[in-house]
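See structure below.
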Amino acid sequence: MNFKNYIVNISLSLLVFVNGYSQDKRLEKADENFNRFAFVDAREIYLKVANSGYESLDLFKKIGDSYYFNAQLEDAVPWYEKLATNYPEEIDPEYLFRYSQSLKSVKRYDESDQVMEKFNEATGNDQRAEYFVNTRDYLKFIEMQSGRYTLKRLYVNSKYSDYAPSFNNLGQLVFASSRGKGENMIKTIHEWNEMPFLDLYISDIIGERRALTTPQKVKGKINTRFHESSTSFSKDGKTVYFTRNNFTKKKLGANQNGTILLKLYRATLENDKWVNVEELPFNSDEYSVAHPALSADGRKLYFASDMSDSKGLSDLYVVDIYDDGTFGEPKNLGDKINTEGRETFPYISDSGRLYFASDGHVGLGGLDVFVSVPEGLGLFSIPYNIGKPVNSSEDDFTFVLDESTKIGYFSSNRVGGKGNDDIYSFKQTKDLITECNQYVTGLITDATTRERLVEADVILMDDNNKELQRTKTDDKGRYTFDLECDTPYIVRATKTKYSPTETLLTTNTVLEYEHNLALQLGEGGLEAGEIKPGDDLAKLLRLQIIYFDLDKSNIRSDAEIELQKIIATLKEHPQLKIDVRSHTDSRAKDNYNMYLSERRAKSTIAYIVNKGGIDKSRVSGRGYGETSLINDCANGVKCSEEEHQSNRRSEFIVLQ
């Protein structure tokens with residue numbers, strides 16, 4: 001062996017070992033910082049490792065998260081992009097959501113929607129995905145809602161973080177700020193974002209122009225060396241609810257992982273100073289409770305929390321306040337308000353409207369402000385995005401409004417501000433759209449050629465097949481129907497020589513529904529003279545297999561779509577009579593299969609007669625169990641699932 005090459009190889013091996021060991025130690029240190037939410041310190045190390053050429057799923061996730069959770073969504077984009085591009089099969093769906101949100105921050109809305117499509121495919125039952133699917137034209141609605149506020153920048157903002165404005169009902173504005181922690185700033189910075197800890201400040205509101213005086217720290221025992229933020233005041237201004245780190249009676253508390261969370265506190269005003277600070281009884285060391293909002297009558301307190309029954313990163317809750325100052329049990333505001341994302345910073349106006357920030361409902365990016373209208377019994381309507389210019393592609397939150405003057409305040413980290421977060425004042429100039437104004441539109445096309453079908457009949461029906469409206473597609477193959485909210489509908493498209501097809505939909509929001517329908521040419525056509533006794537309509541109409549749940553005979557929603565095609569054909573051909581034949585595979589006992597298929601045949605007939613309004617004399621049928629298998633998969637024969645599945649079928653045989 002060449003001695004010189006041997007020395008070089010040994011040296012290179014040692015260098016690789018030392019570099020690898022050093023990198024592992026750096027990543028270990030970065031992970032420690034990340035796990036205690038010291039995102040800035042962690043990111044500094046992660047970036048050095050990434051710039052050295054190292055790549056991994058975990059590294060890209062954590063760099064992206066270090067920006068995402070500090071509301072620097074535009075900086076998170078390239079790292080989530082690397083994650084989605086390099087690890088498409090391994091990426092957790094939640095990161096698809098974060099990537100989509102981050103893309104909105106740089107106004108790449110088309111790409112964001114494409115990522116949300118993948119998120120929907122990966123999750124299936126996530127409420128954020130459902131909102132996206134049902135509000136595909138959200139940008140159009142937000143544009144309709146926009147332009148209802150005029151904004152004004154405030155001189156009271158600092159180069160640090162200023163947010164969570166609230167009215168104290170004494171002609172003053174109270175807000176949280178990380179300014180002015182003294183010369184020895186380094187001792188009071190928060191590791192999460194390396195900003196100073198927050199204190200509460202107060203400014204007088206002067207004159208009709210509502211100018212704000214130089215902010216002063218709130219007096220009394222509220223401010224500590226840790227975070228205080230987000231306040232809500234009683235009508236007389238003498239009681240305040242506020243958010244603070246878990247710091248009670250000069251003792252700092254943490255959860256079992258050593259993380260200091262948030263709690264709600266209450267204090268009273270005596271001689272212009274806040275005293276009698278007390279922790280609320282439904283706090284916990286193991287979850288955060290934050291961002292209070294009192295109802296106008298002072299009897300309910302709304303707040304955000306990630307307590308055990310929360311659906312997402314934070315949910316909105318309400319708790320009763322009794323006359324003696326005690327509290328009831330907190331109640332989650334439910335699925336109409338809360339998603340798997342973040343719902344936070346609630347505010348209740350004097351009229352009872354709930355304003356809050358969310359990234360789970362469909363918006364422009366980051367946190368958007370939404371409003372829900374009271375519907376009685378403590379319930380609220382679906383949330384409505386309040387539009388631009390309050391909402392932007394960045395985080396917009398802590399919205400408060402004086403409904404008597406239409407003047408209010410909110411916070412945002414948008415470009416053009418003075419610091420990390422800034423407070424903006426606004427005047428509302430128009431009422432918001434808070435009533436359902438909905439329609440369905442779409443294209444009717446040939447399923448094979450994709451040609452747009454002109455003059456196709458499109459019928460809107462209720463869920464009992466009663467015709468409500470009828471139209472024909474225009475010269476571009478489009479149709480439109482006006483709809484009511486929270487109502488199930490069937491949209492059916494038909495055209496001569498094509499098999500009819502339908503879609504089921506339930507409206508539940510303000511936005512437009514886009515439903516495109518593709519029609520299949522019938523095999524040889526479905527003209528009356530070409531449908532012969534003995535034909536199976538299931539084959540002529542190219543029905544998908546009508547499935548039943550295991551050991552069930554009720555009609556599933558996916559089966560309803562196929563049965564609607566049978567109903568449409570029966571209505572189109574009034575002399576047509578059919579025999580419904582339900583079959584099973586050979587698994588399970590023979591007698592059981594016969595009984596089960598009989599039940600399924602009866603359910604199918606009942607649906608056609610009752611839902612379709614078809615005379616029962618035109619629909620007969622029964623179950624055949626496993627007596628008419630179409631392959632060799634009899635009892636005891638080993639077959640694939642696909643082979644068994646082909647025997648589990650429904651036939652609709654033409655009798656006349």
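The values are calculated or read from the model by the stated rules, or taken from the named source; none is laboratory data. Remember, predicted model here, so these are calculated numbers, not experimental data. As a convention, Cβ positions derive from the backbone with ideal geometry for all residues, glycine included, and neighbour counts pool all protein chains shown. Note: areas computed on protein heavy atoms with side chains; ligands, DNA, RNA excluded. Shrake-Rupley method; radii C 1.70, N 1.55, O 1.52, S 1.80 Å.
Given the protein chains as shown and a 1.4 Å probe, how many square angstrom of T627 are accessible, to the nearest 10?
Only protein atoms counted, so the area is about 90 Å².
Roll a 1.4 angstrom probe over the protein heavy atoms and tell me the percent of accessible area of the chain that is carbon or sulfur.
On the way: 15540 of 31590 Å².
After summing per-atom areas, the C and S share lands at 49 percent.
For K25, go through the lysines and keep the ones whose alpha-carbon is under 23 Å away, minus same-chain ones fewer than eight residues off.
K48, K61, K62
With the other protein chains left in place, how much accessible area per residue, in square angstrom, belongs to segment 77-140 at a 1.4 angstrom probe?
Accessible area per residue: 48 Å².
Find the accessible area per residue for segment 214-259; the probe is 1.4 Å, ligands and nucleic acids are left out, and the unit is Å². Don't jump to the answer; show the numbers that get you there.
Values: 2520 Å² over 46 residues.
Solvent-accessible surface per residue comes out at 55 Å².
So how far, in whole Å, is the C-alpha centre of segment 308-361 from the one of segment 621-636?
Answer, in whole Å: 55.
Any chance you could run the full-extension gain for L521 through Y322? It's 0.36 nm times the residue separation minus the Cα-Cα distance, nm to one decimal.
Once the chain is fully extended between L521 and Y322, it gains 64.9 nm.
7 Å from Cα along Cα→Cβ at both L505 and Y54: what's the point-to-point distance in nm?
With each label point 7 Å from Cα toward Cβ, the separation is 5.1 nm.
Mind ranking T214, T429 by accessible surface for me, highest first, 1.4 Å probe? Present the calculation step by step, with values, prior to reporting the outcome.
On the way: T214 105, T429 80 Å².
Result of the area sort, largest leading: T214, T429.
Quick one: Kirkwood hydrodynamic radius for the chain, alpha-carbon pairs, angstrom, one decimal?
29.1 Å
In the chain, with Lys and Arg counted as +1 and Asp and Glu as -1 at Cβ, which of these residues, I630, G253, N591, has the Cα nearest the positive end of the dipole, that is, farthest along it?
Farthest towards the positive end: G253.
With θ set to phi - 60°, apply the Karplus curve 6.51 cos²θ - 1.76 cosθ + 1.60 along segment 237-242 and write out the HN-Hα couplings as whole Hz, x wherever there is a Gly or Pro.
Values, residue by residue: x, 9, 10, 10, 10, 8 Hz.
I'd like the FRET efficiency for E643 and E572, computed as 1/(1 + (r/R0)^6) with the beta carbon distance as r and R0 of 45 Å, rounded to 0.05.
Values: r = 35 Å, r/R0 = 0.77.
It comes out at approximately 0.80.
For a Förster distance of 25 Å, can you work out the FRET efficiency between the beta-carbons of K589 and S628, rounded to the nearest 0.05?
Computed FRET efficiency for K589 and S628: 0.90.
Sorting check: for 292-303, 256-267, which peptide has the highest mean count of neighbouring beta carbons within 10 Å, and how do the rest follow?
Output ranking for 292-303, 256-267: 292-303, 256-267.
Using 0.36 nm times the number of residues separating Y109 and D486, minus their current alpha carbon distance, what extension gain do you get?
Computed gain between Y109 and D486 is 133.0 nm.
In the neighborhood of K577, defined by Cβ-to-Cβ distances under 10 Å, what is the net charge if each Lys or Arg adds +1 and each Asp or Glu adds -1?
-1
List every residue whose amide H lies under 5 Å from the amide H of L198, counting only residues 5 or more places away in sequence or on a different chain, with H placed 1.01 Å from N in the peptide plane.
Under 5 Å from the amide H of L198: H227, E228.
Could you tell me which of the pairs K263/K311; K140/K495; K311/K430 are separated by over 28 angstrom between their Cα atoms in the structure shown?
K140/K495; K311/K430
Go ahead and run the numbers for FRET between N610 and R470, Cβ-Cβ distance against an R0 of 25 Å, rounding to 0.05.
Working: r = 22 Å, r/R0 = 0.90.
Calculated value: 0.65.
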